[in-house]
Amino acid sequence: MTDPPAAPPELNDGDERTAGDGSGSGADRPSGPEDRAEEGAVETPAPPARPQLAPGAFFNTAAIFYFLLAVGGVLWLGLARGTIPLELFLIRGRIAGDLAWGLGAGGVLLLLWHGGRRLLPGARDLERQLEDLLRGVTPSEAAAMALLSGFAEELFFRGAVQGSFGWIWATLVFALMHTGPGPSFRLWTLFALLAGLVFAGLTELRGTLLPAILAHALVNGVNLHHLVRRAGSEEGAGGDPS
């Protein structure tokens, strides 16, 4: 008698797939262009989100500061003079001339800053830092801050400080109040020194605060509008413009 034929060896699942398609294991399969593209792809981490204050927080803080500054100026003037005359703010019959002086001086300062922004990298760096601070401020809040700052700062520095200690001390203290960290903020201090000299000269020349208030509010209004508009456009675009 002959022995029965031996049974074929059993194949496991992996062997069956290998035998069925003849392609071998996945490790032996040569990599194609798609595999190499997947291996070379590197995920770029998203840039960290910029911190942003709650809506209205920056404006509320600024409004409180300017209110306190104006109150300080009123108290100082009241104690020093015993009264606050209307002529400190405007002189009847000379309002048109005071308005012209204020608008002219403010326009000159804006032209100087515009030229500095085009020529000095530090001025552009300063504006970028100020844009970050103003992110979330609305155009109407920017306009209100310009009016508040123009009135409160001129009342305190040109009305109270300059009236008591003279234009030199008023200009120096005004410039030192406009400072911050880093070299770009020193440029801000230098511009504030120049602007303070202009505001002090207007007050001495015209004998009233109206021209200085108008020039100050004009400079702050135009610059704040520019910074707030740029900060809003960058936030909407999701990053800094190239």
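Compute the normalised compactness of the range 75-214: alpha-carbon radius of gyration over 2.2 N^0.38 Å, N being the residue count.
Working: Rg = 16.0 Å, N = 140, 2.2 N^0.38 = 14.4 Å.
After normalising by residue count via 2.2 N^0.38 Å, the value is 1.11.
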Considering Cα pairs under 8 angstrom that are at least six residues apart, work out the relative contact order of the range 118-189 and quote it in whole percent.
37
How much length would be gained if the chain were fully extended between Leu103 and Arg128, taking 0.36 nm per residue of separation minus their Cα-Cα distance, in nm to one decimal?
6.3 nm
Taking θ = phi - 60°, what integer Hz values does the Karplus form 6.51 cos²θ - 1.76 cosθ + 1.60 yield along the range 199-206, in sequence order, with x for Gly and Pro?
5, 5, x, 4, 5, 5, 6, 9
Restricting attention to the alpha-carbon atoms of the range 137-236, what are Rg (one decimal) and Dmax (integer), both in Å?
14.4, 48
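For the range 89-146, just say rounded, prolate or oblate: build the C-alpha gyration tensor, square-root its eigenvalues into a ≥ b ≥ c, call rounded for a/c under 1.5, and beyond that prolate if a/b exceeds b/c, oblate if not. Spell out each step's value before the answer.
Details: a/c = 4.58, a/b = 1.61, b/c = 2.85.
Taking the square roots of the gyration eigenvalues as a ≥ b ≥ c, the range 89-146 is oblate.
Give me the extension gain from Leu205 to Leu75: residue separation times 0.36 nm, minus the current Cα-Cα distance, reported in nm with one decimal.
Numbers: separation 130, 0.36 × 130 = 46.80 nm, distance 2.47 nm.
Length gained, Leu205 through Leu75: 44.3 nm.
Report the net charge of residues surrounding Ala212, where surrounding means a beta-carbon distance below 13 angstrom and charges are Lys +1, Arg +1, Asp -1, Glu -1.
Details: positive: Arg158, Arg206; negative: Asp98, Glu153, Glu154, Glu204.
Surrounding charge for Ala212 is -2.
Give the calculated FRET efficiency between Leu176 and Leu147 to the nearest 0.05, with a Förster radius of 22 Å applied to their Cβ-Cβ distance.
On the way: r = 23 Å, r/R0 = 1.06.
Taking R0 as 22 Å, the efficiency between Leu176 and Leu147 is 0.40.
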With label points set 7 Å from each Cα along the Cα-to-Cβ direction at Phe89 and Trp169, the distance between them in nm comes to 2.6
Between Arg118 and Phe65, with labels modelled 7 Å along Cα→Cβ, what's the label distance in nm to one decimal, could you check?
3.1
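None of the figures in this text is laboratory data; all of them are computed from the coordinates on show. Quick caveat, the model's predicted, so the values are computed rather than measured. Neighbour counts are summed over all protein chains in view; Cβ atoms, including those assigned to glycine, are modelled from backbone coordinates with ideal geometry.
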